[in-house]
Amino acid sequence: MSAPPAVIALRKVVKTYAMGEVAVHALQGVTLDIGAGEFVAVMGASGSGKSTLMNILGCLDTPTRGRYLLDGVDVRLLDDAQLAEIRNQKIGFIFQSFNLIARTTALENVELPMVYAGVKAKERRRRAMRALTTVGLGDRVGHMPSELSGGQQQRVAVARAIVTDPAMVLADEPTGNLDTASTAEVLSVFDRLHAEGRTVVIITHEEDVAAHAQRIIRLRDGAVVEDVRRLSALRAVR
Ligand SMILES: Nc1ncnc2c1ncn2[C@@H]1O[C@H](COP(=O)(O)OP(=O)(O)OP(=O)(O)O)[C@@H](O)[C@H]1O
Ligand SMILES: [Mg+2]
């Protein structure tokens with residue numbers, strides 16, 4: 001079986017933060033390939049560099065040294081406007097704290113990325129409805145975030161991340177604030193995104209969340225210390 005083409009290729013990526021006199025070595029030479037359609041979990045202790053890695057993968061930040069090729073394009077060669085366009089078109093982000101806009105309906109929250117992309121109102125509504133239906137919230141579109149459970153709020157965030165149909169979904173501790181039942185709801189959505197052929201990278205502290213991935217990458221002190229692939233991943237039971 002040949003490996004899928006790498007959508008993500010990191011070569012000796014170093015990220016150093018300057019904190020006054022001291023330098024924080026958040027990533028210390030990460031070399032990694034992630035293929036199209038892979039479902040990868042990134043694990044590691046607090047401070048091991050997981051979010052730093054995710055920010056680089058998502059073009060929210062750039063390496064201090066080393067190279068990052070996204071779909072074969074060296075991100076160093078892109079200016080801020082081009083990076084923003086790539087983020088909009090190719091990548092969906094999901095964060096631990098949902099980051100939904102308060103006093104704004106689920107539907108409007110999901111429409112937002114398309115407002116930036118200049119999609120017409122009617123088409124925005126149609127696509128947002130479809131994304132919310134995909135995550136099982138077709139009957140909650142008029143609810144404000146405060147009128148939804150944690151798991152429902154995170155599913156709105158997932159709908160918002162996928163409404164532009166990105167090939168890659170990056171999630172930083174998406175179940176970190178959720179109880180067991182809500183975690184299961186959200187994980188079943190991730191399983192579905194993977195089954196649809198999207199590349200999914202999820203940061204987690206929880207082994208049972210990572211068990212949904214086919215591959216687990218462990219970081220320690222900014223370096224990859226383990227990278228294992230498994231034939232069968234856990235599936236959420238619904
Ligand atoms: N903007 C920043 N400026 C300075 N140092 C930073 C910055 N962001 C992260 N760091 C440092 O880089 C290291 C890696 O941080 P990172 O956020 O990637 O860890 P993490 O693995 O995501 O941890 P956690 O599990 O707690 O979220 C830490 O030592 C952190 O203090
Ligand atoms: Mg983090």
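The values are calculated or read from the model by the stated rules, or taken from the named source; none is laboratory data. These numbers were taken from a predicted model, which means no experiment stands behind them. Note: ideal-geometry Cβ built from the backbone for every residue, glycine included; neighbour counts use all protein chains shown.
Of all residues in the range 158-190, how many are buried (at least 19 other Cβ atoms within 10 Å of the Cβ), of a type in the set (D, E, K, R) and closer than 24 Å to residue 34 by Cα?
Here the count works out to 3.
Take the residues in the range 196-217 that are among the charged types (D, E, K, R) and modelled with pLDDT of 95 or more, then tell me which one is nearest to residue 186 (Cα to Cα).
At the first step, the residues of the range 196-217 found to be among the charged types (D, E, K, R) are 196, 198, 206-208, 215.
Going one step further and asking which of them are modelled with pLDDT of 95 or more, we end up with 198, 215.
Values: 198: 16, 215: 19 Å.
Among those residues, the one meeting the criterion is 198.
Every residue, every condition in (1) surrounded by 19 or more Cβ atoms within 10 Å (Cβ to Cβ); (2) under 18 Å from the mean Cα position of the chain (by Cα), yes or no:
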| residue | (1), (2) |
| --- | --- |
| 87 | no, yes |
| 133 | no, no |
| 143 | no, no |
| 155 | yes, yes |
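Has the range 116-125 got any residue that is surrounded by 13 or more Cβ atoms within 10 Å (Cβ to Cβ), assigned to a helix (DSSP H, G or I), more than 16 Å from ligand 1 (Cβ to nearest atom) and at pLDDT below 95? Can you show your working first?
Here is the first cut: in the range 116-125, the ones surrounded by 13 or more Cβ atoms within 10 Å (Cβ to Cβ) are 117, 119, 124-125.
Still in the running and assigned to a helix (DSSP H, G or I): 124-125.
Keeping just the survivors that are more than 16 Å from ligand 1 (Cβ to nearest atom) gives 124-125.
From the residues that got through so far, the ones that are at pLDDT below 95 too are none.
No, the range 116-125 has no match at all.
Quickly run through the range 11-39 and pick out the residues that are on the phi > 0 side of the Ramachandran plot and either within 16 Å of ligand 2 (Cβ to nearest atom) or modelled with pLDDT of 95 or more (or both).
Taking the range 11-39 as the starting set, the residues that turn out to be on the phi > 0 side of the Ramachandran plot are 12, 20, 29, 37.
12, 29, 37 - these are the residues of the range 11-39 that are on the phi > 0 side of the Ramachandran plot and either within 16 Å of ligand 2 (Cβ to nearest atom) or modelled with pLDDT of 95 or more (or both).
Got a sec? Which strands (runs of 3 or more DSSP E) wholly within the range 38-112 have at least 1 residues that are hydroxyl-bearing (Ser, Thr, Tyr)?
Numbers: elements: 39-44, 65-70, 91-95.
Answer list for the range 38-112: 65-70.
Please determine, by comparing only the residues of the range 62-74 that are farther than 24 Å from residue 194 by Cα and surrounded by 17 or more Cβ atoms within 10 Å (Cβ to Cβ), which one is nearest to ligand 1 (Cβ to nearest atom).
Step one: filter the range 62-74 for residues farther than 24 Å from residue 194 by Cα, giving 62-67, 74.
Those still in the list that are surrounded by 17 or more Cβ atoms within 10 Å (Cβ to Cβ) too: 63, 66.
Numbers: 63: 13, 66: 16 Å.
The extreme case among them is 63.
Read through the list (1) in contact (Cβ under 8 Å) with a residue 24 or more places away in the chain; (2) of a type in the set (D, E, K, R); (3) in a helix (DSSP H, G or I), then give the number of the only condition that residue 140 fails.
Unmet for residue 140, out of (1) in contact (Cβ under 8 Å) with a residue 24 or more places away in the chain; (2) of a type in the set (D, E, K, R); (3) in a helix (DSSP H, G or I): (3).
Of all residues in the range 139-156, how many are more than 13 Å from residue 104 (Cα to Cα) and either out of contact with any Gly (no Cβ under 8 Å at 6 or more places or on another chain) or not basic (Lys, Arg) (or both)? I'd like the intermediate steps shown before the answer.
Of the range 139-156, the ones more than 13 Å from residue 104 (Cα to Cα) are 139, 149-152, 154-155.
Pick out the ones that are also either out of contact with any Gly (no Cβ under 8 Å at 6 or more places or on another chain) or not basic (Lys, Arg) (or both) and you get 139, 149-152, 154.
Of the residues in that region, 6 qualify.
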